[in-house]
Amino acid sequence: MNEQTLERFDVVELVPGFRPPPQAAGTPTGAALADASRRARAWSSDVQDELKPGTDLHRREVCRMFRDTFNPYRPAVLDWPRLDAATLQRIVSLPIWDIAVQTEGKARLRMAAYARTLGDADMREALALNAWEENRHKEVLSNMVRAYGIRLAPEAAYEYPDDPEWAYLVTGYSECIDSFFAFGLFEAARRSGLFPPELVETFEPVMQEECRHILLFANWAAWHRARLPWWRRIRFELKVLAVWAFLGWERIGLARSIDAEGNAQAQDNNFTVSGARSVTDGAIKVRELLALCLAENERRFSGYEARLLRPTAMPRLARLALRCMRKDG
């Protein structure tokens, strides 16, 4: 399958044995939505033993967490609120939609490709569900841009990765970086009042789902490396370092893209600063944004079992940056 270019994504075909989770028919009620949201953001293990990475118990509880916190919202029935002209223009002009849609398209395939290679049934099922949820994120974005008339660049066909593990590592660590900033930006947008509360709440399940995704990734990485013999672990750690170098290079450079009219344009992959200005009307400083990202990162993870590992790289870097910054910005 390495040479295959996929025109249609179907995780059931890509990952043998995977079955999508059941979802209720019809439009969910307010009570059902509230209950699903509560279950998606809080989970505790009932086992008393240590959840040591690499053990069967750790793997079992990580995968159980991911199953138990599944949120059965359906993109097709999300209610997109009507926007006034100024808010609509603000949404349309955000410099994120092309990258967001294409990122979800890549992520779903890369996760499914790596899940396909796993011999452990529990972890294979969890990563396949992760891929299914990434496809659902793409559906949410597609429905939103359709609802608000946002023009996107044509999507290139998604190619099956030659090295599924590398592709999964790139996607997983990239989500750890992007989600850390997205948590803060999302809260900044909510506080700014520039967007209707109904629109913010519509995206809330997607944001919390990203928290679950990187929680799964952090624990998969610890479980995977702990099970490797020392000679394979050295190779794995070198691959992880190469992934971080690749992501660092990607985020300080400019990516070439095609706009809605088919014209080449420069697009900054690191849109955190420009995104912050867009969602707050320029009213937030870098120091304030980093502090907000840290607070939101902590809040979103706070409901999950404390013995499960969290992504640590971005919080550590943010704390270091805050210590180096002057308090007056």
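The values are calculated or read from the model by the stated rules, or taken from the named source; none is laboratory data. Bear in mind that the values here come from a model prediction, so they are computed numbers and not experimental data. With ideal geometry, Cβ positions are generated from the backbone for all residues, glycine too; neighbour counts draw on all protein chains shown.
Assess whether residue 51 counts as being in contact with a Leu (Cβ under 8 Å, 6 or more places away or on another chain) and at pLDDT 95 or above.
Judged against the criteria, residue 51 is a match.
Which numbered condition trips up residue 156, out of (1) under 21 Å from residue 211 (Cα atoms); (2) of a type outside the set (Ser, Thr, Tyr); (3) over 19 Å from the mean Cα position of the chain (by Cα)?
Among (1) under 21 Å from residue 211 (Cα atoms); (2) of a type outside the set (Ser, Thr, Tyr); (3) over 19 Å from the mean Cα position of the chain (by Cα), the lone unmet condition for residue 156 is (1).
Here is a list of conditions, (1) surrounded by fewer than 19 Cβ atoms within 10 Å (Cβ to Cβ); (2) over 17 Å from the mean Cα position of the chain (by Cα); (3) small (Gly, Ala, Ser); (4) modelled with pLDDT of 60 or more, and residue 262 meets all of them except one; can you say which number that is?
Of (1) surrounded by fewer than 19 Cβ atoms within 10 Å (Cβ to Cβ); (2) over 17 Å from the mean Cα position of the chain (by Cα); (3) small (Gly, Ala, Ser); (4) modelled with pLDDT of 60 or more, only one is false for residue 262: (4).
Tell me yes or no: at least one residue of the stretch 69-76 is touching a helix residue (DSSP H, G or I) at 6+ places or on another chain (Cβ under 6 Å) and at pLDDT 90 or above.
Yes, the stretch 69-76 has at least one match.
Can you tell me which residue within the stretch 305-329, out of those that are over 17 Å from the mean Cα position of the chain (by Cα), under 25 Å from residue 204 (Cβ atoms) and touching a residue at least 60 places away in the same chain (Cβ under 8 Å), is surrounded by the fewest Cβ atoms within 10 Å (Cβ to Cβ)?
Per the criteria, the residue is 305.
Could you grab me the full set of residues in the stretch 192-224 that are surrounded by fewer than 20 Cβ atoms within 10 Å (Cβ to Cβ), touching a residue at least 60 places away in the same chain (Cβ under 8 Å) and charged (D, E, K, R)?
198, 204, listed by residue number.
So which of 200, 243, 206 ends up being of a type in the set (A, V, I, L, M) and under 15 Å from the mean Cα position of the chain (by Cα)?
None of the others qualify; the one that does is 206.
Taking the stretch 73-109, which residues are within 18 Å of residue 153 (Cβ to Cβ) and among the charged types (D, E, K, R)?
Of everything in the stretch 73-109, those that are within 18 Å of residue 153 (Cβ to Cβ) and among the charged types (D, E, K, R) turn out to be 98, 104, 106.
Would you pick out the residues in the stretch 101-122 that are part of a helix (DSSP H, G or I), of a type in the set (A, V, I, L, M, F, W, C) and in contact with a helix residue (DSSP H, G or I) (Cβ under 6 Å, 6 or more places away or on another chain)?
Passing the criteria: 101, 107, 111, 112, 113, 115.
Return yes when residue 87 is in a helix (DSSP H, G or I), within 21 Å of residue 12 (Cα to Cα) and out of contact with any helix residue (DSSP H, G or I) (no Cβ under 6 Å at 6 or more places or on another chain) and no when it is not.
For residue 87, the condition - in a helix (DSSP H, G or I), within 21 Å of residue 12 (Cα to Cα) and out of contact with any helix residue (DSSP H, G or I) (no Cβ under 6 Å at 6 or more places or on another chain) - is not met.
What are the pairs with Cβ atoms under 8 angstrom where one residue, in the stretch 145-158, is under 16 Å from residue 96 (Cβ atoms) and the other, located anywhere, is crowded, with 17+ Cβ neighbours inside 10 Å and of a type in the set (S, T, N, Q)? Sequence gap at least six, or different chains.
That search, which allows pairs on different chains as well, returns 155/102.
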